[in-house]
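> Following this message is one structure expressed as structure tokens.
The values are calculated or read from the model by the stated rules, or taken from the named source; none is laboratory data. Given the structure is predicted, the values throughout are model-derived calculations rather than measurements. Cβ placement follows ideal geometry from the backbone for every residue including glycine, while neighbour counts extend to all protein chains displayed.
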2 protein chains.
Amino acid sequence: MGTPGTARARARAEITAAVKEAARAQLAQVGAPALSVRAVARELGMASSAVYRYFASRDELLTALIVDAYDAVGAAAEDGARAGGDDPGGRWLAACRAVRIWAVDHPHEFSLLYGSPVPGYRAPADTIGPAARVPLVLAAAVADAARLGLLHPPTGALGLGSGPRLVTPEVLEAVGIPAGDDRLVERALGMWVALIGTISFELFGHFENVVSDRAGYFELAMAGAAGAVGLEIPVP
Amino acid sequence: MGTPGTARARARAEITAAVKEAARAQLAQVGAPALSVRAVARELGMASSAVYRYFASRDELLTALIVDAYDAVGAAAEDGARAGGDDPGGRWLAACRAVRIWAVDHPHEFSLLYGSPVPGYRAPADTIGPAARVPLVLAAAVADAARLGLLHPPTGALGLGSGPRLVTPEVLEAVGIPAGDDRLVERALGMWVALIGTISFELFGHFENVVSDRAGYFELAMAGAAGAVGLEIPVP
DNA sequence: CGCGGGCCGGAGCGCCGCTCTCGTCCCGGC
DNA sequence: GCCGGGACGAGAGCGGCGCTCCGGCCCGCG
């Protein structure tokens, strides 16, 4: 691991990192739509054309920032879960809170990940691994709870336990949730949607003049999401 | 109502509408980030500077499109609810389906409403009325169900029925949900978040390689959201 | 019916993403 | 050690963008 020995490659890696760092700083300040290659180049004191030696286009630069952001929020979720104690519900709740804290601290990065996609943009394959880290943390907690027999019988949505699968086979295999029970994977998916959706509403301004206590509402929403899959979480 | 009598004002209203119409067409094709005042002007065969006689800036033009889109999705939700039959659960589910259908048919408009906000943008006051139409339709169904005694006792999230209110007083007044019961307003809010969040995940590509049957998952998610507030919905 | 004010087109400013060319400079193989 | 070549940076440039200013036309109001 580490940079290759040749001095040229090392310099290239350093400058690439510097460009990315400057771009990240500008992203955090002005947001993705206003991020400009020329401004990044100015910040670094180089010609704008020189930046294109390291990133073929603005989209490629943004993609690198996306991958880093997915890794950052994924790491935050994993760290939160690790610090969440022994029981799966506590780990799940801690991960959710960690994701929200990260999002509030990095609103523009969060928008880049979970906001409107750029119409022409196609996510490269190397983004899906980092993007999966957060949902995998949530799924791992549910899977642990299921294995330990800690899941209550699911509430609400009665009579929907049968029917064809709604998720792809690779997801079924990746999440590690015991199959066969009534749409547990699909319900766990709902926890992910609830987590990101609630944070999105908060950050995107839809709770303006609506929700007065954002953190309190987040706790309530997560408690509701946990209840929908029968995951018991520690009382606050 | 109607356009003022003076011919000048009438012509102005007509051209304003034509500009908005051309902008809407461009929005539907290329999305909000790529919508350009110059292209709209080209489409109408006029100089780009002439457009600024009718909309002071690109932001103002986008705001007009936002208001129209909120009204369109709000009308879709209201029509859906009207056609949803007599029982509140059926109306609620029909409204949710109508919103999803509208969103799938108008993905760029949906992104404009519920995607990442433009960093510098401040939503004018005249957007909040149209923006409230969809959540008010959902709230009305819950309020009707509560008044008719059709709400099951809420499931999950036990022990969270008390504590300070989390929503603003004006929301409490506007939604018309009987107060006093255990956070019913906050739970109904969760249905709105689940609706928009689920559609966002679908349209923004987060279900790529994850959910195979999008419509089926939407039904399941909405059933779960209904269960969380104790609203009984017709079985499919 | 005259005239004034709204309207339009065109030029222009400073940005943007991206490309091409050209001179330089330094790494690496001999 | 030396030389060749490839990576590199700078600059100019292209087309497009949002937005502004100015001059002239012309239509509708009084």
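> Pick out the one residue from B:Arg82, B:Arg91 that is buried (at least 20 other Cβ atoms within 10 Å of the Cβ), more than 16 Å from DNA strand C (Cβ to nearest atom), among the charged types (D, E, K, R) and assigned by TED's automatic domain parsing to the domain that holds B:Thr127.
None of the others qualify; the one that does is B:Arg91.
> Further question: Residue by residue through region B:173-203, note down the ones that are of a type outside the set (D, E, K, R), over 18 Å from A:His206 (Cα atoms) and touching a residue at least 12 places away in the same chain (Cβ under 8 Å).
B:Gly176, B:Ile177, B:Pro178, B:Leu184, B:Leu203
> With the condition being touching a His at 6+ places or on another chain (Cβ under 9 Å), away from chain B (no Cβ under 13 Å) and within 20 Å of A:Glu219 (Cα to Cα), I'd like the helices (runs of 4 or more DSSP H) fully within region A:43-145 carrying at least 1 qualifying residues.
A:58-82
> What number of residues within region B:224-236 are surrounded by fewer than 22 Cβ atoms within 10 Å (Cβ to Cβ) and either facing another protein chain (nearest Cβ under 7 Å) or part of a helix (DSSP H, G or I) (or both)?
1
> Within region B:16-42, how many residues are within 19 Å of B:Pro130 (Cβ to Cβ) and either more than 14 Å from chain A (Cβ to nearest Cβ) or among the β-branched types (Val, Ile, Thr) (or both)?
6
> Among the numbered criteria (1) assigned by TED's automatic domain parsing to the domain that holds A:Gly224; (2) surrounded by 16 or more Cβ atoms within 10 Å (Cβ to Cβ), which single criterion is violated by A:Arg122?
Tallying (1) assigned by TED's automatic domain parsing to the domain that holds A:Gly224; (2) surrounded by 16 or more Cβ atoms within 10 Å (Cβ to Cβ), A:Arg122 fails exactly one: (2).
> In addition: What are the residues in region B:20-42 that are within 12 Å of DNA strand D (Cβ to nearest atom), polar (S, T, N, Q) and assigned to a helix (DSSP H, G or I), if any?
B:Gln26
> Which of (1) touching a Gly at 6+ places or on another chain (Cβ under 7 Å); (2) more than 16 Å from DNA strand D (Cβ to nearest atom) is the odd one out, the single condition B:His106 does not satisfy?
Of the numbered conditions (1) touching a Gly at 6+ places or on another chain (Cβ under 7 Å); (2) more than 16 Å from DNA strand D (Cβ to nearest atom), the odd one out for B:His106 is (1).
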